[in-house]
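Remarks on the structure that follows.
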Amino acid sequence: MSLAEPIAGTGTPIATGTPEVDAAPETQSVPWPHRHLLDVDGLSADEIDLVMRTTDAMREVLARPIAKVPALRGRNVTILFYEASTRTRVSFEVAAKNLSADVVNIAAATSSVTKGESLVDTVRTIEALGADMLVMRHPASGAPYLAAEIFGGSVLNGGDGWHAHPTQALLDLYTIRERLLPAPGAAPRTATASGQLLAGRKVVILGDLLHSRVARSNIWTLTAAGADLWLCGPSTLLRGFEAWASRGAAGRRFTVTSNIDAALRDADVVMALRIQRERMASGLLPSLREYAARYGLTRARLAAARPDALVMHPGPMNEGVEIAPDVAVGTNSVITEQVTNGVAVRMALLYLLAGVKS
Amino acid sequence: MSLAEPIAGTGTPIATGTPEVDAAPETQSVPWPHRHLLDVDGLSADEIDLVMRTTDAMREVLARPIAKVPALRGRNVTILFYEASTRTRVSFEVAAKNLSADVVNIAAATSSVTKGESLVDTVRTIEALGADMLVMRHPASGAPYLAAEIFGGSVLNGGDGWHAHPTQALLDLYTIRERLLPAPGAAPRTATASGQLLAGRKVVILGDLLHSRVARSNIWTLTAAGADLWLCGPSTLLRGFEAWASRGAAGRRFTVTSNIDAALRDADVVMALRIQRERMASGLLPSLREYAARYGLTRARLAAARPDALVMHPGPMNEGVEIAPDVAVGTNSVITEQVTNGVAVRMALLYLLAGVKS
Amino acid sequence: MSLAEPIAGTGTPIATGTPEVDAAPETQSVPWPHRHLLDVDGLSADEIDLVMRTTDAMREVLARPIAKVPALRGRNVTILFYEASTRTRVSFEVAAKNLSADVVNIAAATSSVTKGESLVDTVRTIEALGADMLVMRHPASGAPYLAAEIFGGSVLNGGDGWHAHPTQALLDLYTIRERLLPAPGAAPRTATASGQLLAGRKVVILGDLLHSRVARSNIWTLTAAGADLWLCGPSTLLRGFEAWASRGAAGRRFTVTSNIDAALRDADVVMALRIQRERMASGLLPSLREYAARYGLTRARLAAARPDALVMHPGPMNEGVEIAPDVAVGTNSVITEQVTNGVAVRMALLYLLAGVKS
């Protein structure tokens, strides 16, 4: 979680070409320095750009009749999830199998975790069992950082508490980049000389910011890309973000508001967050019905955004609550693209991390 | 569930040979027109015959030292089960792996389904994650039809509510055909000129018809094959079938009775259905003991059938309730053959569906 | 569980070389006579030695950049676990995949087992589904013996009740052998002419012997290897072992004591067993705190053992109860080596059993 390494906003792009990903990652000429992916806050603009371009290459792999490359053959990817999940778990599993890795799934509910074994012991055991890469989701913020201190291979954070969900932020960035920016033929979709991939673009994150690891990771990548970022929701669910915004250094600014009309006006991207029903008990929200009435992303509200605004959602959706069903599948929606891009981004990350000598 | 397409009872067999299944299914010359397998009611006699002959080829694959063909290499088969299952889930998994597909298992109890995501969203997500084929079991009748409207690949119904279990009906038909009909060398085991594969054969389905998707799908395939079909059980568990039988067009007739002696007399095939203990609560059955006494398939009762009658059961069995233990493993039993044929039939169906351009 | 076959303590080693394991096991020249692995009590010293040397070969495979051999390609290994487990289940899964087998996982909690199907039917079904090898964990002692009577392939016991855990005992023996005995270059690590691999070595098993299948299997292999074996714990958890010890024939003797100081003095190996919290309810232990105070393996207590004594634990650990955290990760600990050796031993056993014609 080191904030020491600056987000290089002015770096020259490493390359404009697409990495070649059919071979084993050790043979890549492009350097990737990180052994783990714990959050996006330690990634430079150049490194984020490398993830984007490697994802381009993985999208090409996915478009092949047999969407498989032998890059990680014989590597063991263990997926350890302490929370229920479909899309993230399966996305990592498919990504790893597309790279020809062997995948082991461990759902904590049916594992020795229920016997009271500590996380440290579990991670040590998984490594001793032969895991080269560990994908992990845990309800406690910071748990993957603890795992990374012990594990000899690479740890990929698949979501920890309210803290971070780095692969989600990177797939969101990739989805925006692919849709809002000129195609490769026209001009390179890498960071421009100013380093501001999303300069002048208004991006709104709407809903339960307080409990959202998706939002926290997206704040880093979107502000690093130069977006005009707005966070919008009921004031009880924005707690702490005002203070964070006011601390922001150059290029790390964002606007916090409960005024949904102001937030959506001329937006280029609207990302609705899931309202978790279990939050109601905490008294932070009066009712789902009232939330839907005041902050639900309806077609009427979306009309205030730009006509070609992107509608995004990390899923799973509570349709009729944070997003209206017709908006979820409307022409502006890129929600299923996010899912497919998620597989490609995770392939890219597994590939890049596998090339790092530990 | 369209009843519009007639069951071609008089069609000439497409071919008498066994399809060659080592190559990718796209290269097959034999046409298979359906993108999904939702029920058996839309299959013509020729198509059912093609399934049977493709299954013959898959049985040959299973007999090899390495029971694997590369036909579906690089394809993703996702198995989404909303109900507990061993045999059907594993059968599809083994079938897909024997064809070299990548398999993803999703058990609804541990998935985002528990977060309230709609089935439509789940299916859309699974497709976006890269699934080419979706095998699905769901407690709601019709759920796979909804999935098929959304999913861009092929949906295979692994059982929906009380409605249908098409792969079970096809494996049951295959098992009967293999045992009752002359071997390929002697005469083609395809539909005869009359189209009546089981003409003159008495087949009894015994037990809890009311709640049985296995029975509903078998009624279609067995009557289409010309069997003299009898449904037998306590009258509370036959509700609705009398009316169905009386509506029956030519070739779709069957007999409904609570008289087990009449049903079993000279039967060629007796298929016992599972009595689910949880039905007791509904008041439809007085007790398991009484059910066993009146309708349990015992050796004494089986004596009324033909000496070489086949004893079948879709599993899992409640031995001592709907079937006596000695009958379940007796010389007439083909219950474990059903399980092995189930793998071969599912290989055949995955193979045929994979060849359809969507 | 036959005790008839003597443990050949005086046999000449079959060979001193390491078996070649890249090819299919049928081509091996070394004979392995057993179709199943249910316990260690039926293994001769020569057979145990063959397991050890085959494990050496598998360790070499694990050290390769791609830790995979094609030996079991196309074989189906089904893992049926009726109890929660991480390390044993994953260890078998990784072992089977390293040998290129296809693996099917069945967790009883989500299978038809919950529908009341008998174990016999489940095993018959798994065989009919195509399983060549069945790895099984069951809470009832003896369950794998029942399975072996039915299953046509090989059954590997992954732990049954309090009875046996043969792969754990073999990986423990391998770990001790690798650490305590001269390296292969210096002298063969096979059984010596006296057959006493661990002659003169003091090995202590510490803790809840009563409920431990790990201990029961280890008693066989360690006494067969000639170790000076001590069992130590509260008298309530040693019940029955005194009588067993007094029955012991030559080479089957061990010491039973509640005196931990006597047990640890000059020990070469100390194996701490897991204290299961759920045992407290039975009144066998006053409290975890008292257990830890009297029998926990602390650094102070370990000082009584030899300076280079090995500390072992089958996992998962309750750190601070049966073992102090600093001892668990201290320089004497070989606990993570046990886990890695477990994968290699299970590869060796799957490989050897697959070569037996059934």
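Per-residue Karplus couplings for region A:314-326, computed as 6.51 cos²θ - 1.76 cosθ + 1.60 with θ equal to phi - 60°, are listed in order as x, x, x, 8, 9, 5, x, 10, 7, 8, 6, x, 6 Hz, Gly and Pro entered as x. Around the Cα centre of the protein assembly as shown, unit charges on the Cβ atoms of Lys, Arg, Asp and Glu (plus for the first two, minus for the last two) sum to a dipole of about 880 debye.
In this assembly of identical copies, the label point of A:Thr298 (Cα plus 7 Å along Cα-to-Cβ) is separated from its counterparts by 6.8, 6.8 nm, sorted shortest first. Within a straight-line Cα-Cα reach of under 13 Å, C:Lys97 can be paired with the following aspartates and glutamates, leaving aside sequence neighbours fewer than 8 residues apart in one chain: A:Asp102. Under a 5 Å amide H cut-off, with hydrogens placed 1.01 Å from N, A:Arg75 pairs with A:Asp102 among residues at least 5 apart or on other chains. When +1 charges are put on Lys and Arg Cβ atoms and -1 charges on Asp and Glu Cβ atoms, the dipole computed for chain C relative to its Cα centre reaches about 460 debye. Among residues other than B:Asp308 with Cβ under 13 Å from its Cβ, the summed charge is +2 (Lys and Arg +1, Asp and Glu -1). For chain A, modelled as a GNM whose springs connect Cα atoms under 10 angstrom apart, the maximal fluctuation among A:Asp39, A:Asp121, A:Asp132 occurs at A:Asp121.
Take every residue in peptide A:87-94, count the Cβ atoms of other chains within 10 Å of its Cβ, and give the average of those counts. Show your work: numbers first, answer last.
Working: counts 9, 1, 5, 12, 4, 0, 5, 7.
Mean partner-chain Cβ count within 10 Å for A:87-94: 5.
Plainly put, the tip 7 Å out from Cα toward Cβ on C:Glu60 is 4.1, 4.1 nm from that tip on each other copy, the closest given first.
A dipole drawn for region A:25-77 from +1 and -1 charges on Cβ atoms has a positive end, and of A:Thr55, A:Ser44, A:Gly74 the residue lying farthest that way is A:Gly74.
Per-residue SASA remark: A:Asp266, around 90 Å² accessible (1.4 Å probe; ligands, DNA and RNA not included).
Classified by the C-alpha gyration tensor, region A:193-336 has an oblate form. Its axis ratio a/c, with a ≥ b ≥ c, is 1.5 or above, and a/b does not exceed b/c.
Which FRET efficiency, nearest 0.05, do C:Arg35 and C:Arg289 yield, Cβ-Cβ r, R0 56 Å?
My answer for the efficiency is 0.75.
Ordering A:Tyr145, B:Tyr174 from largest to smallest accessible area (1.4 angstrom probe), what's the sequence? Please list the in-between numbers first.
Working: A:Tyr145 35, B:Tyr174 5 Å².
Order by accessible area, largest first: A:Tyr145, B:Tyr174.
Comment: the Cα-to-Cβ extended label point of C:Arg247, at 7 Å, lies 6.8, 6.8 nm from its counterparts in the other copies, nearest first.
How would the protein assembly as shown be classified by its alpha-carbon gyration tensor: rounded, prolate or oblate, with rounded meaning a/c under 1.5 and the a/b versus b/c comparison settling the rest? Here the protein assembly as shown falls in the oblate category.
For region C:255-297, the residues whose backbone nitrogen is under 13 Å from a point 7 Å from the Cα of C:Glu242, taken along Cα to Cβ, are C:256-259. Measuring only protein heavy atoms, the 1.4 Å probe finds B:His34 accessible over about 40 Å². Structural descriptor for chain B: relative contact order 20 percent, calculated from alpha carbon pairs under 8 angstrom and at least 6 residues apart. Net length available on complete extension from C:Ser235 to C:Ala23 is 71.3 nm, with 0.36 nm assigned per residue and the Cα-Cα distance removed. Here is how the number arises for chain B: DSSP H runs of 4 or more residues each give -39500 (n - 2.57), the sum is divided by the residue count, and the result at 222 nm is -10000 deg cm²/dmol.
Projecting the Cα positions of A:His313, A:Ala292, A:Ala245 onto the charge dipole of region A:238-338 (unit charges on Cβ atoms of Lys, Arg, Asp and Glu, taken about the Cα centre) puts A:Ala245 furthest along the positive direction. Neighbouring Cβ atoms from other chains, within 10 Å of the Cβ of residues in C:46-54, number 0 on average.
Antiparallel as a % of all DSSP beta bridges within chain A, to the nearest 5? Don't skip to the end; give the middle numbers.
Values: 1 of 37 bridges.
So the antiparallel bridges amount to about 5 percent of the total.
Taking amide H as placed 1.01 Å from N in the peptide plane, the amide H of C:Gly161 sits under 5 Å from that of C:His138, C:Ala140, C:Ser141, each at least 5 places away or on another chain. Counting Cβ atoms of other protein chains within 10 Å of each Cβ in A:311-317 and taking the mean gives 4. Of the residues C:Ile219, C:Ile150, C:Ile79, the one that moves most in a GNM of chain C with alpha-carbon contacts below 10 Å is C:Ile150. Less than 5 angstrom separates the built amide H of C:Ser333 from those of C:Val311, all sequence-distant by 5 or more or on a different chain. Each Lys and Arg adds +1 at its Cβ and each Asp and Glu adds -1 at its Cβ; summed about the Cα centre, region A:283-358 shows a dipole of about 200 debye.
Relative to the globular-protein estimate of 2.2 N^0.38 Å, the Cα radius of gyration of chain C stands at 0.96. Projecting the Cα atoms of B:Gln168, C:Phe92, B:Pro325 onto the dipole axis of the protein assembly as shown, where Lys and Arg carry +1 and Asp and Glu carry -1 at the beta carbon, places B:Pro325 farthest toward the positive end.
The values are calculated or read from the model by the stated rules, or taken from the named source; none is laboratory data. Computed from a predicted structure; not experimentally measured. Here Cβ is always computed from backbone atoms with ideal geometry, including for glycine, and neighbour counts include all displayed protein chains. Please note that ligands, DNA and RNA were not included when accessible areas were found on the heavy atoms of the full protein model with its side chains. Shrake-Rupley method; radii C 1.70, N 1.55, O 1.52, S 1.80 Å.
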